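What follows is a set of notes on a single structure, which appears directly below.
Read-outs: derived from the displayed coordinates by stated rules, not from any lab. Nothing here was measured: the structure is a model prediction, and the numbers come from that model. Every residue, glycine among them, receives a Cβ derived from its backbone with ideal geometry; neighbour counts consider all protein chains shown.
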Amino acid sequence: MNLLLQHWHGEPSSVEQASWRSIEAYAKTIGAEHRVLRGALVPGVTMPQMHKLHMLSEEFDQYDVVVMLDSDMFARPDAANICEASGIGVSGPLQAKLKASIRSRVPHRFGKKDADFYGGAVYRLTREDRQALRGHMDSGVLRDFDAYKKGCDEGVMHYLATQAGFKGRGLVGGDLWACSSYSPERERAHFVHIRRRVKEGSEDRRDKAEVLEDMRRLGVL
């Protein structure tokens, strides 16, 4: 059995609630369970994103594949089955830049070892992946990455992937599994990630609820 997870810390807006409905409906189409995790789940951390790391918990060891999706992700009507996809997370040019930045901020955690860096909007993890990764996680690791500039969950996952020797495990299909709402690729994506940014390279922002409404009006979602 497979499980799709989402997490939210705080009071959800209409966007988060709509995302949960979208992913719940998608989970049914692929024969997976869906669960929304709420509140503080990982002890000793301050950043809300860090609680997504609960996906590595032994609590979910009964599931073959566990997928963690951000609560502003939406499944398109013809989305493929992510549980049958190959890879762990989106690992493209943006993630390469983030990897270099975070390694420079937490140098004592890495040395010369190299590994994948995954975007935090979607993680797809087999039981074996989860067990291998969590064997390297402790309170010190969590503390070292518990800041936005240090990558939060992405920083922790990169460290764990480094220790576990995960390399070349990027999701096949790349950004189509977490396609930004402003991207021209959104109409052929599997999941659309609702972003406030209006377009690539622009500093203009919009309310996410407005962006979601546009995606629906345009027939993207």
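Among the numbered criteria (1) buried (at least 20 other Cβ atoms within 10 Å of the Cβ); (2) within 24 Å of Val172 (Cα to Cα), which one does Arg109 miss?
Of (1) buried (at least 20 other Cβ atoms within 10 Å of the Cβ); (2) within 24 Å of Val172 (Cα to Cα), only one is false for Arg109: (2).
Which one of Ala121, Ala96 is touching a His at 6+ places or on another chain (Cβ under 8 Å) and among the small types (Gly, Ala, Ser)? Give the derivation first.
Numbers: Ala96 fails: touching a His at 6+ places or on another chain (Cβ under 8 Å).
Just one listed residue meets the conditions, Ala121.
Would you be able to say whether some residue in region 16-33 is touching a Lys or Arg at 6+ places or on another chain (Cβ under 8 Å) and under 23 Å from Arg188 (Cβ atoms)?
Within region 16-33 (the criterion being touching a Lys or Arg at 6+ places or on another chain (Cβ under 8 Å) and under 23 Å from Arg188 (Cβ atoms)), the answer is no, since none of the residues qualifies.
Test Asp78 against the stated conditions and say whether it is under 11 Å from the mean Cα position of the chain (by Cα), under 17 Å from Ala25 (Cβ atoms) and not hydrophobic (A, V, I, L, M, F, W, C).
For Asp78, the condition - under 11 Å from the mean Cα position of the chain (by Cα), under 17 Å from Ala25 (Cβ atoms) and not hydrophobic (A, V, I, L, M, F, W, C) - is not met.
Assuming Asn2 fulfils every condition listed in (1) within 15 Å of the chain's Cα centre (by Cα); (2) among the polar types (S, T, N, Q); (3) over 25 Å from Arg196 (Cβ atoms) apart from one, which condition is it?
The failed condition is (1).
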